[in-house]
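Notes for the one structure printed next.
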Amino acid sequence: MKLSRKSDYALRALLTLGDRYGEGPVSIRELAEKNDVPQRFLEQIMLDMKKLGWVSSVAGRIGGFQLAKRPEEITMGQVVRHFDGVLAPIACVSSTHYESCSQESHCRFRRVLLEIRNYTSKLMDQATLAKVMRGAPVAREEVFSNFVFADGI
């Protein structure tokens, strides 16, 4: 699975708003600069998230965006499914965007891909903004270490 830019940028903005939850709105300019996101693209994403009820906007000179829901009420799974539509690595194991494959009846590696989908979905659906905000950033060394999972598996 690879996140789209929309999902990536939406999650960046939501986490920034989560860090400032209850402190008032954050300007679109500040959100764009802090998260290294093109402002015009972020504006479209924020308006989309406003329609979903995840964020609200405040007009005026000191206006901007803020979370409309508590950080415990928005999950990474919701965000990625909205912007990317699917968490499955291939279409023949997707429950929402399923596509038949000529090899389904005898494909053996499909089971592994289904397990990847299930595990990914579970982790993303459990990852609320609040939970993610409590976590530490990933160190570069962790990226290159062998199979270390956050939940100890």
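The values are calculated or read from the model by the stated rules, or taken from the named source; none is laboratory data. Just so we're clear, the structure is a prediction, and the values are computed from it rather than from any experiment. FYI the Cβ positions are ideal-geometry reconstructions off the backbone, even for glycines, and counts take in every protein chain you see.
Structure values in brief
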item	result
Test: V132 is in contact (Cβ under 8 Å) with a residue 40 or more places away in the chain, in contact with a Phe, Trp or Tyr (Cβ under 9 Å, 6 or more places away or on another chain) and under 23 Å from G22 (Cα atoms)	no
Residue in segment 122-153 that is modelled with the lowest pLDDT, counting only those that are of a type outside the set (D, E, K, R) and assigned to a helix (DSSP H, G or I)	V143
Within segment 1-27, considering residues that are in contact with an Asp or Glu (Cβ under 7 Å, 6 or more places away or on another chain) and of a type in the set (S, T, N, Q), the one surrounded by the most Cβ atoms within 10 Å (Cβ to Cβ)	S7
Test: residue in segment 62-73 that is more than 21 Å from T120 (Cβ to Cβ), surrounded by fewer than 16 Cβ atoms within 10 Å (Cβ to Cβ) and not charged (D, E, K, R)	yes
Restricting segment 108-129 to residues that are more than 16 Å from the chain's Cα centre (by Cα) and loosely packed, with under 13 Cβ neighbours inside 10 Å, the residue that is nearest to L14 (Cα to Cα)	E115
